[in-house]
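Undergrad: Shown below is the structure under consideration.
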Amino acid sequence: STWGPPLSNQMCQALLLVAFVLSAAALTPAGAQSLTLSPPVLKNSMDSLTISWTGVEFPSAADFVAIYLPAGNPDPLFIGSVPVTSAASWSTGSGKVYLSLVNPRTDYQFRLWSAPAPGANLSVVAVSPLLSFANINEPLQGHLALTGDPTEMRIMWTTAETGTPTVHYGSEPGKYTASVAAVSSTYTINDMCGAPANLTTAFLNPGMLHDAVMTGLTPGQKVYYVYGDDNFGYSSEASFVASPGAGADIGIDTIIFGDLGIDVPFTSAIEMQPPALQTMHWITRSVAPLVIHIGDISYARGYAWVWEVYQSLIAPFATAKPTMTAIGNHEFDYIGQSFAPVWSNYGTDSGGECGVPYESRYHMPAAAGAAEPVRKAGAPRNVSTSYYYSFDYGNVHFCFMSTETNFLIGSPQNDWIAADLASVDREATPFVVFAGHRPLVSSSEGSQGTEMDAQFIDNIEPLLIKYDVDLAVAGHVHAYERTFPMRNYTLDDDGLVYVVAGSAGNNYQVPWMENDGLVVNGTGHFLEPPWISFRTQSFGYGRITTNSTHLRFRFYSDQANQVHDEFYLTPKVWRK
């Protein structure tokens, strides 16, 4: 026979097996595509993760790996992505990317987006296992704050569960002679007042927020400490310098800025602030022992994962330098807020957070009469902070206002500001610095000449003039400006100097007010008003230092940490 000898049973079985394997391979669709994680469980926050994919049938430079938090969100609702072109081998259908991610005390998931056929739209073709962290109770997000008492220092941090949160501290590294238990609180999705903050696709359980006050400190003392739990584990050791107390001969050194935000090592689905990381770098390296952030803190705007990243990014300096804050529009503003006059431009900038995450995470000194109900009925009370407050630090009295709540004459806040400034001991603290998020004075488009600015000038500036405030610092406008001494937009040697220092991170820049009369809507030349001494749209931060006779203010550019503006003040009260 031309077919040759008959096949043995063993040969027939072998041929059938080969035929089965070949047919199975031919019928295997894009299911061969896979997305894997290494390691499958991360030990610590910010540990490195490798994400690998194989078997992509129609690789394209448009393909990407999407990041999901919460992990169960629908396919379109990812927090960010990494392009497959980050891997040199992407065109082969396989590759690897690397990420360092914060520990949010819950799972992440990753999904590979690619075209299932030539010319088709991108869709999810592979899903990773869930990524978890070994210790959801890892003590994270530590940040210090002054209490107003120079013998105390507050520390706050986060874990998933309450446990027995404790701080151990002492005057020598590794030798802790005192301990204090923390009190714990949290907030829920029901505390949010609008979208996206009250959506399950945007909200994350913030865990337990622990709050402890170290006491018995010596002013100016170097203190070493750890925070955590015997069962959950402790943080690495950190240190800070205690408040120097008040005194006319006690000079200070502090960083001051507004509008910081975050950036992340992937393409975010929401707006990021790329200059923020450079600002954080210079703040961390600075020898200044105090940081002041005057509003627009994280720019979460209702997306809870941003708070997780922000609190982790600032920890290197916030665990070493007490960080004092003011509330901004992106922490508080929402439709239905109790103070929203027709001339105001309060809107939806908090993304439905209505101040809850901010005031739960930041506990500023509580001044008598400073707390008042400010959110809609049914929302939780002011849980841990004052929106306006003051403290003494060396020879400076700092007074903070809330620009987002009622500041008009006759309001509790206005009365409190007047009483606070009237009570300053100018023998002990000859310098007075006033701060709030929105500027009372600015030459930017959308600020100068608005009814909002006019209300600040009518209701707040007279108090600053009456009580000889030396300097007023604000953010909100993402630029740096410094005025000559002035009042009501008029040069006046008995007025005060205004500084806008809102260029720490947010890269949305509004133009200066167009005032050459040639064109309108910001398309002409931007002439400096006569009351402006210096202004720039460089990113950076401010720094205040004092000695017994002078206050020195410097504005540092992020690009090379160089001083772009500098001026000196003597206490106004001495000129009386």
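The values are calculated or read from the model by the stated rules, or taken from the named source; none is laboratory data. What you see is a predicted model, and the numbers here were worked out from it, not measured in a lab. We place every Cβ from the backbone using ideal geometry, glycine too, and count neighbours over all the protein chains shown. Ligands, DNA and RNA are excluded from the accessible area calculation, which covers all protein heavy atoms including side chains. Shrake-Rupley method; radii C 1.70, N 1.55, O 1.52, S 1.80 Å.
Undergrad: May I ask you to give the percent of accessible area on the chain that is carbon plus sulfur, with a probe radius of 1.4 Å?
TA: C and S atoms contribute 56 percent here.
Undergrad: How large is log10 of I(q)/I(0) for the chain at q = 0.05, 0.07, 0.08 Å⁻¹ when the intensity is taken from the Debye formula with one equal scatterer per alpha-carbon?
TA: Computed log10 I(q)/I(0) values: -0.26, -0.47, -0.59.
Undergrad: Can you give me the long-range amide H partners of THR201? Hydrogens built in the peptide plane at 1.01 Å from N, cutoff under 5 Å, separation of 5 or more residues or another chain.
TA: The answer is none.
Undergrad: What are the residues whose amide H is under 5 Å from the amide H of ILE256, where those residues sit 5 or more places off or on another chain and H is modelled from the backbone?
TA: Result for ILE256 returns ILE292, GLY542, ARG543, ILE544.
Undergrad: What angle, in degrees between 0 and 90 and rounded to the nearest 10, separates the Cα long axis of helix 9-27 from the longest principal axis of the Cα atoms of the chain?
TA: Once rounded, one gets 30 degrees.
Undergrad: While we're here: Sorted by packing (mean other beta-carbon atoms within 10 Å per residue), highest first, where do 82-94, 477-489, 261-273 land?
TA: The densest-packed peptide leads the list: 477-489, 261-273, 82-94.
Undergrad: Could you work out the helix-only [θ] at 222 nm for the chain, with each DSSP H run of four or more residues adding -39,500 (n - 2.57) and the total divided by the number of residues, to the nearest 500 deg cm²/dmol?
TA: -4000 deg cm²/dmol
Undergrad: Heavy atoms only, probe 1.4 angstrom, no DNA, RNA or ligands counted: give me GLU331, GLU566 ranked by accessible area, highest first.
TA: Highest to lowest solvent-accessible surface, that is GLU566, GLU331.
Undergrad: Return the lysines within reach of LYS175: Cα separation strictly under 16 angstrom, same-chain partners fewer than 8 residues apart disregarded; answer none if there are no such residues.
TA: LYS222
Undergrad: Related question: How much net charge surrounds TYR68 when only other residues with a Cβ under 12 Å from its Cβ are counted (Lys, Arg +1; Asp, Glu -1)?
TA: Net local charge, TYR68 excluded: -1.
Undergrad: Give the Rg (one decimal place) followed by the Dmax (whole number) of segment 179-309, computed from C-alpha coordinates and expressed in Å.
TA: Gyration radius and largest Cα-Cα distance of segment 179-309: 18.2, 53 Å.
Undergrad: Now a separate question. Just the ratio, please: alpha-carbon radius of gyration of segment 266-344 over 2.2 N^0.38 Å, N its number of residues.
TA: Scaled against compact globular proteins, the figure is 1.28.
Undergrad: Could you tell me which of the pairs LYS321/LYS572; LYS43/LYS321; LYS43/LYS96 are separated by over 24 angstrom between their Cα atoms in the structure shown?
TA: LYS321/LYS572; LYS43/LYS321
Undergrad: For the chain, what does the accessible surface come to per residue with a 1.4 Å probe? Please give it in Å².
TA: I get 40 Å² per residue for the chain.
Undergrad: Please tell me the relative contact order of the chain in percent, rounded to the nearest whole number, where contacts are Cα pairs under 8 Å and at least six residues apart.
TA: The normalised contact order for the chain reaches 11 percent.
Undergrad: Here is a follow-up. Would you work out which of ALA126, VAL469, MET364 lies farthest towards the positive end of the dipole of the chain? Charges go on Cβ: Lys and Arg +1, Asp and Glu -1.
TA: Of the candidates, ALA126 comes out farthest on the positive side.
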